[in-house]
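The structure under discussion is supplied below as structure tokens; questions concerning it will follow.
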Amino acid sequence: MTRFALQFGQTQPGLTYMERHTVYGVCARGEKEIAVARIGHQAPFEWDLPGGGVEADEDEAGALMREFVEETGLTVWPTRVLGRAGQFWLDRGEPRNNLATYYEVELSADDGDPTEPDHALVWLAPLEAALKMRHDSSAWVILQWLRTRRNARE
């Protein structure tokens, strides 16, 4: 089993966690909000950074741009890698180890609608978003992104 330097989540005995190469992005609107995908048709919702699996015929940038359109309707461009981390979790009962690369992305256009029917774009303050994330690795990268921006201003 491959592990990144940072590994989040807990495994359960007797389960084999399938590795999945994934990408996610932090997209800011101004200084106060980031894009978050709200998943579900009614509460309780799940909250995630936009992103998902990298298909066999895609590179990370292509997968990230596709996932942003599908989950938020936003057109983005990856600008820099924020970090990499693994996340053990159960996806509809299936054990997964998401091996994720996290990018900061630049917003190119925001005139679309999500194509995934159970996803909605929500703009949240970064700390609120970090607290809502379903994956600890996503909360971690939001905090890393905030610290980087703060350090750049000092």
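The values are calculated or read from the model by the stated rules, or taken from the named source; none is laboratory data. This one's a predicted model, so the numbers in the text were calculated from it and none came from an experiment. Counting neighbours? That spans all protein chains shown, and the Cβs are built from the backbone with ideal geometry, glycine included.
Which one is nearest to Thr22 (Cα to Cα) among residues in segment 90-106 that are surrounded by fewer than 24 Cβ atoms within 10 Å (Cβ to Cβ) and in contact with a Lys or Arg (Cβ under 6 Å, 6 or more places away or on another chain)?
Looking at the filtered set, the residue picked out is Thr101.
Considering only residues that are touching a Leu at 6+ places or on another chain (Cβ under 8 Å) and free of Cβ contacts under 8 Å to residues at least 60 places away in the same chain, look in segment 115-152 and name the one that is surrounded by the fewest Cβ atoms within 10 Å (Cβ to Cβ).
Leu127
Taking only segment 12-44 into account, find how many residues are among the hydroxyl-bearing types (Ser, Thr, Tyr) and modelled with pLDDT under 95. Give the derivation first.
Here is the first cut: in segment 12-44, the residues among the hydroxyl-bearing types (Ser, Thr, Tyr) are 16-17, 22, 24.
Checking which are modelled with pLDDT under 95 leaves us with none.
The qualifying residues number 0.
With respect to Leu99, determine if the residue is at pLDDT 95 or above, in contact with a His (Cβ under 7 Å, 6 or more places away or on another chain) and assigned to a strand (DSSP E or B). Give the steps one after another, and end with the answer.
Numbers: at pLDDT 95 or above: yes; in contact with a His (Cβ under 7 Å, 6 or more places away or on another chain): yes; assigned to a strand (DSSP E or B): yes.
In short, yes.
Take segment 67-96 and flag every residue that is within 20 Å of Glu31 (Cα to Cα), touching a helix residue (DSSP H, G or I) at 6+ places or on another chain (Cβ under 6 Å) and assigned to a strand (DSSP E or B).
Answer for segment 67-96, where residues must be within 20 Å of Glu31 (Cα to Cα), touching a helix residue (DSSP H, G or I) at 6+ places or on another chain (Cβ under 6 Å) and assigned to a strand (DSSP E or B): Val76, Pro78, Leu82.
Quick one: would you say Ala109 is of a type in the set (A, V, I, L, M), in contact with a strand residue (DSSP E or B) (Cβ under 8 Å, 6 or more places away or on another chain), in contact (Cβ under 8 Å) with a residue 12 or more places away in the chain and loosely packed, with under 15 Cβ neighbours inside 10 Å?
Details: of a type in the set (A, V, I, L, M): yes; in contact with a strand residue (DSSP E or B) (Cβ under 8 Å, 6 or more places away or on another chain): yes; in contact (Cβ under 8 Å) with a residue 12 or more places away in the chain: yes; loosely packed, with under 15 Cβ neighbours inside 10 Å: yes.
Yes.
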